[in-house]
Amino acid sequence: MAVRGAVALPLDLAWREEVRKASGQPVELCYQCAKCAAGCIVLEHADFTPHQVLRMVALGLRDRVLASRAIWLCSGCLTCTVRCPNGIDIARVMDTLKEMAAANGANGKNPARLFHSMFVDNIRGRGRVNEAVLLGRYELTTGRIWKELGQGLTLLRKGKMPVFTPGVRHRDEVRRIFARVRELGGH
Amino acid sequence: MEQTEGRPVGAVLVVGGGVSGIQAALDLADAGFRVYLVERQPAIGGRMAQLDKTFPTNDCSMCTLAPRLVECGRHPNITILTCAEVKEVTGVAGDFTVKVRQYARLVDPDKCRGCGECESVCPVEVRDEFNQGLNMRKAIFRPYPQAVPNIYAIDINRCVECVECAETCTAGAIDPFMGDREFRLRVGALILSPGYELFDPTGRPEFGYGVLPNVVTSLEFERLLSASGPYQGHLVRPSDGSVPRRIAFVQCVGSRDVARGAVYCSSVCCMHATKQALLAMEHIPDADVAIFYIDLRAFGKDFERYYAKARESGVRYIRCMVSQVATVPGSGELAIRYRTPEGAFREERFDMVVLSVGLRPPQGLAELARVAGIELNEFGFCKTWEFYPNLTSRPGVYAAGVAVEPKDIPETVVDASSAAANASRLLQAARGSLAATKSYPPEREVAHEAPRIGVFVCHCGVNIGGVVDVPEVARYAADLPGVVHSQDLLFACAQDSISAISETIREHNLNRVVVASCTPRTHAPLFQASLREAGLNPYLYEHVNIREQCSWVHRDDPARATAKAKDLVRMAVTKARLLSPVITTFLDIEPLVLVVGGGAAGMTAALSVADQGFPVCLVEKEPVLGGNLRHLFYTLEGSDPQALLYDLTVRVEHHPLIRVLTGAEIVDVTGYTGNYVTRLRQGDLEREIKHGAVILATGAVESRPREYLYGEHPRVVTQTEFERMLASGRVGGLKNVVMIQCVGSRQEDRPYCSRVCCGHAVKNALKLKELNPGANVFILYRDVRTYGFKERYYLQAREKGVLFIRYEPEAKPAVEAKGERLRVRVVEPVLNTPLDIDVDLVVLSAAIEPRPETARLAQLFKVPLTPDGFFAEAHMKLRPVDFATEGMYLAGLGHAPKTLGEALAQAQAAAVRAVGLLAKGRLESLGITVQVNEGRCSGCGICVEVCPYGARYLDENRVARVIAAVCRGCGACAATCPTGATQQLGFEDRQIMRMIESALLA
Amino acid sequence: MVRLAYYPGCSLEATGKEYDTSARAVCQALGIELVELEDWNCCGATSAHSVNNLLALALPARNLALAQKLGLDVVAPCSACYNRLRQAEHALRYDRETRAAIEEAAGFNFLGGVTVLSLLEALVKRIRPGTIADRVVHPLQGLRVACYYGCLLVRPPEVTRFDRPENPVHLDELVAALGAEPVAWRGKTDCCGASHAITSPEVATALVGRLLALAREGGADALVTACPLCQTSLEMRRPAGETMPTFYFTELMGLAFGLPGTRAWFAKHLVDVRPALRVLAQTGS
């Protein structure tokens, strides 16, 4: 877990400010105690630890952060958030970085990113998520359908994957939420 | 400056009987004021009494504190009010009326002898708060064995009123009908030093405190280590009593924790954990100890060495905050996951986890502040002013100790003395008006009596008694020739024991006393005083140290330790038979203080002494006053050092009691305590100053870096030089600035931390950001050591965007010239990647080093230096402004690097110590001075050469003489005298020879 | 009679079907009337907040509006739904600026009368203490279970208001009331990686494997959870060879209460639950 090659500073130190504003979190307070990393459950699977991500934010290493797998691997379990001595909601920062990565087009192939956007599309369309439809579409898109076929069939057989579930009747209301969020500067 | 209207009241009320309150009380009492020491607990002693050992000397805490406790208890000018609280403060500075409520202790302090019979019959068990609740005590209790006053109290909330204790007490001391008492005291000033509380670690539940029994706080661990603790000093796990072999310390629990409302650093925990780690390894030699930390803050005098020693001893320091302490089911083991120095993450198991809990304002401080009418700061501690140490928002009310800011023991003692100096200054006009004088009964004539020796052998709890068979030693002594009484005592130094010794002397008509206990350095004077109270000359006393010389060094061989103790006692009894009374002589003290050094500390000390009513001569080698203060333009807290410089200079120069000699160099120092003669040269003029005491405040300097292109490139400067640039406003063009910390500090040739540089860098970074918000500041550091409330400025710097980048000492930053500009390369350790920073300016935080003339002055004044070349005080913990020689004091950076505010407090502390001496008016000689048999003296003069104190001289007849009041009894002359003409009192040849014979007699 | 609005959430219509049926059965048995929210919508779950923060608050807020109209507090069995609904409630109560944005986006005014409850919370705090123990007819004697709270039920504590967030005990107390033995173990609030179950199955499997190992270290025969995402992940993404089942706490309640239908619930598990329950047959429960 290291950034390769020498980095010439000063970099884009203003970006830290952008992350601070977008997340509402005091990212600049991090004093690198590594408590977040010591308690992070997905650490072994990530390319960077949470405190490294914060350090990269501090140093303005924007592209590396947004291209990292670490931000998508954050499962939002909030362990780091709850324990951070500087009161930084690190999970929220990770979410913000995900939003930024998505907007920026960085890391477009990340499966988590794809899944989250399909999930939200599913809500936008029906107001509720149909797990069978969502999973089917996702596995088809990623080409993983064959690998997951066995599990999928088991779920179907157990009646845990009903293909027809009711959506929201007043879908207009849900769509209006999406529209207003977009107007308010969101998605 | 605070003034009083009319003549003030010559009494001071001190709130809080911890080490801070004790120090303030003793200083004021010595300076001629009446003192009321108000303590909420049933005994004084405070937190220090709960500590096992103290860093960085590993001295036994109780052993250094106990003599002070007893001194407080015995001082004729001090009244100790326990179980008491201040309820109301009316009046003005100089004349307050204080309402005190004293809660019913239900035990009559005049009748209780502290025998403990009541305790053994009391049926109620209560968690023992002195041991942090790790064991039980009774509802009738004495907080700890050496408690002062050494009497019992009833925990009224727990007492079941069975009156078992009242029926058992033969002294009739139990008074179930005692009520609370309220009374008013008239005092001129108040000193508030109520201490601190510890952070409740259940506020950080991830560490498992309160759920996992083997997770303990640092103070609980201290009690586990202590011989007077719940397991008698055996370090065991609370869950199952097994020996913990793997111990983890978690730092910053409730400190530096923005999310838990404690922004500040608690200052003491890093060294506290280091000490406990070392002690744990002493208890359990194969222990594996790890300390998990963020920044290791070893910023105090000799701390860095101590830290290095701990690392060499195998303590593992792991720079990673712990996220969680989890239990491994069934095993009692505790799992901690952390980042290794290599950057990998691993889980390790421990038997015990110690949480280094932070310091919080004491319970009830808000109420005390309301009653006393003072303001608290944003963290709930007493609000004081950087340049006016101890001054609160109410004139005449001073604050000291941790209740002002987290700090360790020496700084607390300094702060307390400084507060005493403030009170002594305010009440100067009433000095001595309410002071009592201690009178002893006339000395009994014993010269013609046959020896009647009393022997007292001390258990020192388990310190001695755990190894040496103390009752057996006492029995053995009873049969020695001349001994008419022999007994053992649990704690000989406890106040009740000391009175018991006096009573026994009278009862058995003793004329010699031998005490076998701990070191005579701290304890002999206590026992000698009990001789005086019984009407005996105090030199009819012999002391045996069976702790250091028997129980401690022969811990694993009790039988031979006991045999050795018997030998030593026998030798002492032999010598005691030959003791004769010593009549001490008195010497007047020259009532003037010489202050050397005209910087902030020197000027402050001079002003404090002069305001306390004694004349001062202030000597400065430069043509102008000010010292380093002339180069300071800002402080972290926003005060104006140049305004202070102006204020101090004007006041010093116009003070009627201060004579200022600038451009003056000291050439010679003669004389002795109370009567020094210092010769100095001022231009072509030579002067002679007679003075009773001296305060060395000679300061230190910023060193000249020898690396990072300093002196080679114009854009590499020191912090002090940068501060001047900031003050002149020439920083608008700076875009990128790199600061490098620890330049010349914490390395082989200068193995200490310069303490002020982290704060200095943060201060200058914030100033630059204020003047030029667009500038980028990078601070390259090893550990950020913004201790105490300075942490808030570290936080502020981060808020303002200052970027802190750590470097490893093995990979120092590299500075390379790039024309007008510079490039700094540093390996960023979190990402393990090199960073290249192009900058306009490199600022070096250069080490603070002693002034070159310090060594010469040390020789002239015959005072010791530390290996680092700073002045060495008498005792690291409890005598931080005294030299070992009475009458010599120190203040400021000559002692060690420190901030301006700290130097000012130390200067006031030194001042009140000097005033305490001068206020005595005369000095009494020691009892172990030398005497000359004139007939035998050959006039060779060897004694004059070897005397380090200048106490010997040859008279006109070439006969060697002694100035008794100056002789410190070192014995150098007696040992070298070729004819045996010089004999040291108490160490006469015949006494020593008989002792040796007695030793061989075994 | 306790009346609560019921927000099942999408999972309880699919992978968490047996949680839905067991929850309804148990509530009925305890005299709690559940009124399903009319025309509820998805809370956004773990995805919406990765995409947009306001969306992640406005989606659940519409459901709060529905509950407000009913005039009932709303109970959400699924931990993820509970957390999202609760986050919305918290923002509406304490964050003036965000409240305005949420109200604008969701098109309603929050009046402050609606409180979001997890099903566990409702059973612990809204019925008389002892009711559950009194209702037990087949004590689950001998069944050793590791109570798994996961993340979303407890964190962040200022939002969930969960007591002792680092060492929660409500579920332990509940299963103990059923006669089962809650074991001491150290995975109570660690993440199971359910949000990675689809996108990074290998990560999910690693986390599930770790949790099952910790449960075994504590001596458990099974896990108990209050979250359909956790339950599905724990059974579906278990490493090869793992046979430890994960129960919904409502299933165990149903079993102890002697409710009909338990067989049908257990049949939906991806892990055979019978070996874990065999101990009950032996103790005669």
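Please go through the range B:37-63 and pick out each residue that is of a type outside the set (S, T, N, Q) and more than 18 Å from B:Gly73 (Cα to Cα). Break it down into steps so the answer makes sense when it comes.
Going through the range B:37-63, the residues of a type outside the set (S, T, N, Q) turn out to be B:37-40, B:42-49, B:51-53, B:55-56, B:59-60, B:62-63.
Hits for the range B:37-63 are B:Leu51, B:Asp52, B:Lys53, B:Phe55, B:Pro56, B:Asp59, B:Cys60.
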Could you list all residues from the range C:48-79 that are in contact with a Ser or Thr (Cβ under 9 Å, 6 or more places away or on another chain) and within 10 Å of another protein chain (Cβ to nearest Cβ)?
-> C:Ser50, C:Val51, C:Asn53, C:Leu54, C:Ala56, C:Leu57
Test: residue in the range C:137-149 that is out of contact with any Phe, Trp or Tyr (no Cβ under 8 Å at 6 or more places or on another chain) and facing another protein chain (nearest Cβ under 9 Å) | no
Exactly one of (1) over 30 Å from C:Ala91 (Cα atoms); (2) at the interface with chain A (Cβ under 9 Å from one of its Cβ atoms); (3) touching a residue at least 24 places away in the same chain (Cβ under 8 Å); (4) not aliphatic (A, V, I, L, M) is unmet by C:Arg238. Its number?
-> (2)
The lone condition B:Lys53 fails out of (1) more than 29 Å from B:Asn131 (Cβ to Cβ); (2) surrounded by fewer than 21 Cβ atoms within 10 Å (Cβ to Cβ) is (1)
Go through the range B:576-599 and give me each residue that's surrounded by fewer than 23 Cβ atoms within 10 Å (Cβ to Cβ) and either in contact with a His (Cβ under 9 Å, 6 or more places away or on another chain) or not hydrophobic (A, V, I, L, M, F, W, C) (or both).
-> B:Arg577, B:Ser580, B:Pro581, B:Thr584, B:Thr585, B:Asp588, B:Glu590, B:Pro591, B:Leu592
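Looking at the range B:950-998, which of the residues that are among the acidic types (Asp, Glu) and either in contact with a His (Cβ under 7 Å, 6 or more places away or on another chain) or without any contact (Cβ under 8 Å) to a residue 12 or more places away in the chain (or both) is surrounded by the fewest Cβ atoms within 10 Å (Cβ to Cβ)? First the steps, then the outcome.
Of all residues in the range B:950-998, those among the acidic types (Asp, Glu) come to B:955-956, B:988-989, B:997.
Cutting the leftovers down to either in contact with a His (Cβ under 7 Å, 6 or more places away or on another chain) or without any contact (Cβ under 8 Å) to a residue 12 or more places away in the chain (or both) gives us B:955-956, B:989.
Numbers: B:Asp955: 11, B:Glu956: 5, B:Asp989: 11.
Among those residues, the one meeting the criterion is B:Glu956.
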Here the residues within the range B:500-526 that are among the polar types (S, T, N, Q) and either farther than 23 Å from B:Glu449 by Cβ or part of a helix (DSSP H, G or I) (or both) are B:Ser502, B:Thr504, B:Ser517, B:Thr519, B:Thr522
For the range B:738-750, state whether one or more residues are buried (at least 24 other Cβ atoms within 10 Å of the Cβ), of a type in the set (Gly, Ala, Ser) and modelled with pLDDT of 95 or more.
-> no
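When you go through B:Gly602, B:Gly613, B:Gly626 one by one, which is the residue that is crowded, with 24+ Cβ neighbours inside 10 Å and over 23 Å from B:Ala492 (Cα atoms)?
Details: B:Gly613 fails: crowded, with 24+ Cβ neighbours inside 10 Å; B:Gly626 fails: crowded, with 24+ Cβ neighbours inside 10 Å.
Checking each option against the conditions leaves just B:Gly602.
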Restricting to the range C:184-219, what's the tally of residues that are within 8 Å of chain A (Cβ to nearest Cβ), assigned to a helix (DSSP H, G or I) and of a type in the set (A, V, I, L, M)?
-> 4
The condition of being more than 18 Å from B:Gln495 (Cβ to Cβ) and either at pLDDT below 95 or hydroxyl-bearing (Ser, Thr, Tyr) (or both) holds, among B:Thr64, B:Thr4, B:Thr82, only for B:Thr4
Within the range B:620-651, track down each residue that is in a loop (DSSP other than H, G, I, E, B), more than 29 Å from the chain's Cα centre (by Cα) and aliphatic (A, V, I, L, M).
-> B:Val624, B:Leu625
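Quick one: count up the residues across the range B:812-821 that are modelled with pLDDT of 95 or more and touching a strand residue (DSSP E or B) at 6+ places or on another chain (Cβ under 7 Å).
Residues that pass the stated criteria total 4.
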Regarding C:Asn109, is this residue surrounded by 18 or more Cβ atoms within 10 Å (Cβ to Cβ) and either among the polar types (S, T, N, Q) or at pLDDT below 95 (or both)?
-> no
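Name the residues in the range C:48-79 that are more than 19 Å from the chain's Cα centre (by Cα) and within 16 Å of C:Glu104 (Cβ to Cβ), would you? Can you show your working first?
Quick first cut of the range C:48-79, residues more than 19 Å from the chain's Cα centre (by Cα) only: C:48-59, C:61-62, C:65-72.
Hits for the range C:48-79 are C:Asn52, C:Asn53, C:Leu54, C:Leu55, C:Ala56, C:Leu57, C:Ala58, C:Leu59, C:Ala61, C:Arg62, C:Ala65.
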Taking the condition in contact (Cβ under 8 Å) with a residue 60 or more places away in the chain and buried (at least 23 other Cβ atoms within 10 Å of the Cβ), does B:Leu540 pass?
-> yes
Which of (1) within 14 Å of another protein chain (Cβ to nearest Cβ); (2) under 22 Å from the mean Cα position of the chain (by Cα); (3) assigned to a helix (DSSP H, G or I) does B:Arg297 not meet, given it meets every other one?
-> (3)
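Can you spot a residue in the range B:309-326 that is among the aromatic types (Phe, Trp, Tyr), in contact with a helix residue (DSSP H, G or I) (Cβ under 8 Å, 6 or more places away or on another chain) and under 30 Å from B:Met876 (Cα atoms)?
Of the residues in the range B:309-326, the ones among the aromatic types (Phe, Trp, Tyr) are B:317.
Remaining after also requiring in contact with a helix residue (DSSP H, G or I) (Cβ under 8 Å, 6 or more places away or on another chain): B:317.
Applying the additional criterion that residues be under 30 Å from B:Met876 (Cα atoms) yields B:317.
Yes, the conditions are met somewhere in the range B:309-326.
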Consider B:Ser754 against the criteria (1) away from chain A (no Cβ under 14 Å); (2) of a type in the set (Ser, Thr, Tyr); (3) surrounded by fewer than 20 Cβ atoms within 10 Å (Cβ to Cβ): it satisfies all of them except one. Which criterion is unmet?
-> (3)
B:Asn509: polar (S, T, N, Q) and crowded, with 19+ Cβ neighbours inside 10 Å, yes or no?
-> no
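The values are calculated or read from the model by the stated rules, or taken from the named source; none is laboratory data. None of the values given here were measured: they were computed from a predicted structure. Note that we place each Cβ from the backbone using ideal geometry, even for glycine, and neighbour counts take in every protein chain shown.
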